[in-house]
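Below you'll find the structure, written out as structure tokens, and then a few comments.
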Amino acid sequence: MAIVAGLIRLLLVAAPILHAVAGPELRAECPLDLGYVRTFPWDRAPCLPPVANVTACCTTLLSVLGIGLAARLRATSQFRLPSAPASAACIRAFSDELVSPPLSLPASLASTCFPVPSQFAISPSLCAGVTTSAQYVAAVGDAAAGSLNSSCGSNLAALSLCSNCLAAGIRASARLTAAARNSSDSLNCFYLTVLYAAGVSNSAGPASPATAACAFGLALSTPAPTSSPTSSSITHTNIVVATVIPIASVLLVALFIALLVWTKRHDGAIKSSKNRGLSSERRPSRQRPNTGSVLFGIGELDKATGGFAERNIIGRGGFGVVYRGVIADGSVVAVKKMLDPDVDGGDDEFANEVEIISHFRHRNLVPLRGCCITDAEDADDHGSKQMLLVYDYMPNGSLDRYIFDGAAMPWARRRSVIMDVARGLEYMHYGVKPGIYHRDIKATNILLDEDMRARLADFGLARRSREGHSHLTTRVAGTHGYLSPEYALYGQLTEKSDVYSFGVLMLEVMSGRPALDLADPSGVVLVTDWAWALVRAGRAREVLAEALLREREGMSVVDMERFVLVGILCAHVTVACRPTMPEALRMLEGDMDVPELPDRPQPYGQRIPFDEAEGNFSASSVLSGPFVDFGDMLR
């Protein structure tokens, strides 16, 4: 509970400040019809004073307001409001509805939950540039849009129909995220899919209680009306709500937190930088004092990458674009341009991280050459401000090229890669003082050198530990599918967060299946759930990739199965059940027995059928995070 309380305090403190810096808005009319807010049977318990859980309340309000946004989408084909003043007007009008009888909720709720008045305004930068329903269909494709329309088109009060709608929504959202080419937009993309499903696909429309309960995960104060209000039908409706709310709610919680973090960045972006000491536009590259890194000039990096030409891009991610370049001494380097130069403290924080990384000396970490920081006054034609990292170039690219889509990577190489990553993480956690948490272990951040040895990359997310203890952060960085539940939901970061991501990576390497497969027809989303079901059914061998199964003739697969078991153990939902990296390394080397896999805590209200013998189920238990017993999970 201390974790939740800490997050609540952060939300309560940050929101009014962010609202204050947003500045006055022009008065405008709200184009939404919000008359439903006082009459719709939504459960207002999370927002009743005193508000015990701000996050739960704000998630509820986001869903309630989503009904109005979906209704407008249905009428106008527009996802967003036409202007920032219109967005501000709708937030004010929404607040007026909340404070009026019979709701009579606190007047500060709307400004607390939606601190940026313009956050619902139209923006071409939102998720693949989608602002209309036609653009949505073009982005996801006719097949995915058609599946969403057919799966979500009828009365969603039935459990099977709602589950089908949710599955179609996840598949469509995956396509939309791919179209955005930016994993950081995935939550906004999912919310657009929710609006489309409720506002366009469903025949009853978003104002139907069954639709709101299914699409928005909105808890109802009374059961959705049915043609036969018997106790059986009421129970059935409650089952639907209990099944769907966990999955939708965790995504809406994450969306809300992401919006709050964005506002914090926006606040910092309007402030002038006070640190000019690291500006490097007009300075030649030079050695940084007391480090092994170089402070590069932006001109040199511009020349090295051909003006940051598109043809030299070798990687993209939520935090930057990576270019191949050749610097003055003839060395081939990888130059990472950060997408958001004002993250987490600006120049000082960035320089501090470079100082940390530059002291790393390990065979399984990508060496850092140096950095570059520019300010608006120095950047000239290179933009308002830039932060760049320069690494040694890894000629064989990233691991994901070799393990997915039926790639025939032999067992010896897969084993070597996993051991390399384990040793790199062990060094980060225990080989330096204080230890370092990577926070974004995934296949695209594992690079292969000229000898095909694995090296951990992308230390722009790394954070120092504090005497080995966990700490909280409102900036949850990382990639969906690899994030541990306690970190993704509550920002609790420990070395075990990296262990979880390492376990997911191991299962990817051993199975050839991606961490988060939103388009899989079986409906199994997470590789951890899929592998867990097979192992618990005594079918661990079926987790292995086809390439490994073809290779098994004439050799023992005991080692392979042990790696699968260690991967599942590392990616266990409960923190205390995960080993440390040294323990995991000993298990992989065969110097320590793999313990019997402990059961995983089941989410409250989870009633989705699960056939362990067949290994089939329709939703991930990890995705129902807010309803899991986190008292156990976080110990």
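Between S63, A88, V37, whose Cα lies farthest towards the positive end of the dipole of the stretch 20-129 when Lys and Arg beta carbons carry +1 and Asp and Glu beta carbons carry -1, centred on the Cα centre?
Positive-end residue among those listed: S63.
Could you sort the peptides 409-421, 78-90 by per-residue average Cβ neighbour count (10 Å cutoff), highest mean leading?
78-90, 409-421
For an R0 of 30 angstrom, estimate the FRET efficiency from the Cβ-Cβ distance between R401 and A576 and round to the nearest 0.05.
0.25
Mind ranking 147-157, 506-516 by how tightly packed they are, going by the mean number of other C-beta atoms within 10 angstrom, highest first?
506-516, 147-157
Going highest first, how would you order 322-335, 202-215 by mean Cβ packing within 10 Å?
Those peptides, ordered most packed to least, come out 202-215, 322-335.
Taking 30 Å as the cut-off for C-alpha to C-alpha distance, list the pairs among K303/K433; K385/K496; K385/K433; K336/K433 that go past it.
With Cα atoms farther than 30 Å apart: K303/K433; K385/K496; K385/K433.
Would you please give the residues with an amide H less than 5 Å from that of I122, counting only those at least 5 places away or on a separate chain, with H modeled from the backbone geometry?
L81, S83
What nm value, rounded to one decimal, do you get for the distance between D33 and S160 when each label is placed 7 Å out toward the C-beta?
3.4 nm
Could you give the length gained on full extension between S100 and A547, defined as 0.36 nm per residue of separation minus the Cα-Cα distance, in nm?
154.6 nm
Sticking with the crude label model, points 7 Å out along Cα→Cβ, report the distance from A143 to E355 in nm, one decimal please.
Each label point is offset 7 Å from its Cα along the Cβ direction, giving 5.3 nm.
Taking 0.36 nm per intervening residue step and subtracting the Cα-Cα distance, what contour gain separates D451 from V326 on full extension?
42.9 nm
FYI, it's all coordinate maths here, none of it is from the lab. All values reported here derive from a predicted model rather than from experimental measurement. Neighbour counts are summed over all protein chains in view; Cβ atoms, including those assigned to glycine, are modelled from backbone coordinates with ideal geometry.
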